[in-house]
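The values are calculated or read from the model by the stated rules, or taken from the named source; none is laboratory data. Just so it is clear, the structure is predicted and the values come from calculations on it, not from any experiment. In this analysis, Cβ positions are derived from the backbone assuming ideal geometry, glycine residues included, and neighbour counts consider all displayed protein chains.
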Amino acid sequence: MRSAKHRIGIFDSGIGGFSILRELFKSGLDASYYYFADQAYAPYGERSDGEILERSEWIIRQLLKEQVELVVVACNTATAAAIDQLRQLYPDLPLVGVEPYINIKNQSDWNGPDNVCVITTPLTGKSSRFKSLKQRLDPQEEVDHYSCPNLARLVEEKFNNPTIDITSSLREELLPLMEKGYHGVILGCTHYPLIRQEIEAITSMVTISPCEGVAARVVQLVGECDLKVPAASDSTAIFYFRTSLNSDSGWEGQLAP
């Protein structure tokens, strides 16, 4: 088997970044992916900015050992808390962050609902980066914001134990949105698109994810803009996975999630 043309690093506090990884697989990018899940420190939404920066810097060092040429900070909370400092620390390393698609209604091709809100982790919602982003993209304050303290954790629990039923917990977490009667919800955490079907079923809202845009940005940065999307039968990509739950573990080859 020939080596892939590019090496891309991806990290998140857990499995939330799989939502971006899936879009990257769809893009057909000729790349090997190194995904670091910092599950020992999950969820990042309960950590301080300093802790997240320290963890992010350490993970990037692990990824650079694999000679990655670009790193996706596949976590809204880590993007909000640390990406500016990380860009100063690694000026020659392209870093792609994730931010809520707050300006979705301003897009010329948008034909979705006007009555939308955005949900994030508490730490993202309190960050100066998010506040600045919302002020810049939503100066009229037409998009209400809600912090969901338990939603990312519920996604992790469901992933680790697929047999558990999180419906009632999801309903409780999303009740404030349902009471306001929004028609659309912007998903401001990469964990959330992994349960977008459940969110839509419970709330009857359209969900809006930034993951497709993040993947497109990665493709653009590595100069593969003309690639065709592969057929479904070709989507057997391999990526390399590592978790901080076992500090001695190496990279393991995995099938596409």
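Residues are listed down the side, and each one gets a yes or a no for (1) under 17 Å from Thr124 (Cα atoms); (2) hydrophobic (A, V, I, L, M, F, W, C); (3) buried (at least 17 other Cβ atoms within 10 Å of the Cβ):
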| site | (1), (2), (3) |
| --- | --- |
| Lys158 | no, no, yes |
| Pro162 | no, no, no |
| Val185 | yes, yes, yes |
| Thr190 | yes, no, yes |
| Ala201 | no, yes, no |
| Val218 | no, yes, yes |
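Out of curiosity, is Lys26 in contact with a Ser or Thr (Cβ under 9 Å, 6 or more places away or on another chain), basic (Lys, Arg) and at pLDDT below 95? Here the answer is yes, as Lys26 does meet what is asked. If you take the residues in the range 44-97 that are surrounded by fewer than 21 Cβ atoms within 10 Å (Cβ to Cβ) and polar (S, T, N, Q), which one is nearest to Ser147 (Cα to Cα)? Taking the candidates together, the pick is Ser48. For the range 61-90, filtered to residues that are assigned to a helix (DSSP H, G or I), out of contact with any helix residue (DSSP H, G or I) (no Cβ under 7 Å at 6 or more places or on another chain) and hydrophobic (A, V, I, L, M, F, W, C), the residue that is nearest to Tyr44 (Cα to Cα) is Ile83.
Here Glu224 passes the criteria (1) out of contact with any helix residue (DSSP H, G or I) (no Cβ under 7 Å at 6 or more places or on another chain); (2) at pLDDT 90 or above except the one numbered (2). The residue that is surrounded by the most Cβ atoms within 10 Å (Cβ to Cβ), among those in the range 1-43 that are assigned to a strand (DSSP E or B) and β-branched (Val, Ile, Thr), is Ile10. Of the residues making up the range 131-187, those that are assigned to a helix (DSSP H, G or I), closer than 17 Å to Ile202 by Cα and touching a Leu at 6+ places or on another chain (Cβ under 9 Å) number 8. In a residue-by-residue description of the range 104-116, the property of being over 19 Å from Thr207 (Cβ atoms) and not assigned by TED's automatic domain parsing to the domain that holds Ala216 applies to at least one position.
In this entry, Arg242 passes the filter for residues that are modelled with pLDDT under 90 and either surrounded by 15 or more Cβ atoms within 10 Å (Cβ to Cβ) or part of a helix (DSSP H, G or I) (or both).
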